[in-house]
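Student: Quick one: this structure, given as structure tokens, is what I'll be asking you about.
The values are calculated or read from the model by the stated rules, or taken from the named source; none is laboratory data. None of these values were measured; they are calculated from a predicted model. Counting neighbours? That spans all protein chains shown, and the Cβs are built from the backbone with ideal geometry, glycine included.
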Amino acid sequence: MTEMTGGCACGAVRFKIAAPPMGVGVCHCLDCQKGSGGGPNYVALIPRACFEVTKGEAKVYTCQGDSGADIGRAFCGNCGSPLWSIPGEMSPFFPVKLGALDESSGMEPNLHLYTDSAQPWHLMHEGLPRFGKMPPFPPPA
Ligand SMILES: [Zn+2]
Ligand SMILES: [Zn+2]
């Protein structure tokens, strides 16, 4: 895989990713359910240094994760598309929403996290690791 690109629905914010994701996570935390508008967030875990905004500027809503660290949620201030998250300094990756990628059909989820707050109406993949809260780092590739 070479470079991946993505952006919001209206095109005001664009980004590129210079390395393959370290994995794909499905996060069922309540903040993600709010952020996605319903189901869990499907996120590609991108090495921090390989993520670059190429157009516009996302708005960031910051809240506190259960680790106590601030978590930023980047979205387009014009069209409202959820784009990526900005985890605490300790985290080696940026979680980028699969829906923000221009091409995500080749992505395969590796794990489910925060399943303690998963909704019964969302089906989970059979056979994938599930973590009630945050999984240990680094996530399985
Ligand atoms: Zn937009
Ligand atoms: Zn979450």
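Student: Condition first: of a type in the set (A, V, I, L, M) and in contact (Cβ under 8 Å) with a residue 60 or more places away in the chain. Can you find one or more residues in region 52-67 that meet it?
Tutor: no
Student: Kindly evaluate CYS32 against the criterion of being without any contact (Cβ under 8 Å) to a residue 40 or more places away in the chain, away from ligand 1 (no atom under 16 Å from the Cβ) and surrounded by 13 or more Cβ atoms within 10 Å (Cβ to Cβ).
Tutor: Here the answer is no, as CYS32 does not meet what is asked.
Student: Give me the residue from region 1-22 that is surrounded by fewer than 19 Cβ atoms within 10 Å (Cβ to Cβ) and outside any loop (DSSP other than H, G, I, E, B) and, out of that set, nearest to ligand 1 (Cβ to nearest atom).
Tutor: If we take residues in region 1-22 being surrounded by fewer than 19 Cβ atoms within 10 Å (Cβ to Cβ) and outside any loop (DSSP other than H, G, I, E, B), then ARG14 is nearest to ligand 1 (Cβ to nearest atom).
Student: Criterion first (surrounded by 20 or more Cβ atoms within 10 Å (Cβ to Cβ), of a type outside the set (S, T, N, Q) and within 16 Å of ligand 1 (Cβ to nearest atom)) does LEU83 satisfy it?
Tutor: Yes: the conditions hold for LEU83.
Student: Could I ask something else about it? Is it the case that region 52-71 has a residue that's within 14 Å of ligand 2 (Cβ to nearest atom), surrounded by 15 or more Cβ atoms within 10 Å (Cβ to Cβ), of a type in the set (D, E, K, R) and under 25 Å from PRO129 (Cα atoms)?
Tutor: no
Student: Additional query: Is it the case that GLY39 is surrounded by 15 or more Cβ atoms within 10 Å (Cβ to Cβ), at pLDDT below 95 and within 16 Å of ligand 1 (Cβ to nearest atom)?
Tutor: no
Student: For GLY88, indicate whether it is surrounded by 14 or more Cβ atoms within 10 Å (Cβ to Cβ) and out of contact with any His (no Cβ under 8 Å at 6 or more places or on another chain).
Tutor: When the stated conditions are applied, GLY88 does not pass them.
Student: Being within 16 Å of ligand 1 (Cβ to nearest atom), under 15 Å from the mean Cα position of the chain (by Cα), farther than 21 Å from PRO136 by Cβ and assigned to a loop (DSSP other than H, G, I, E, B), is that true of even one residue in region 57-66?
Tutor: yes
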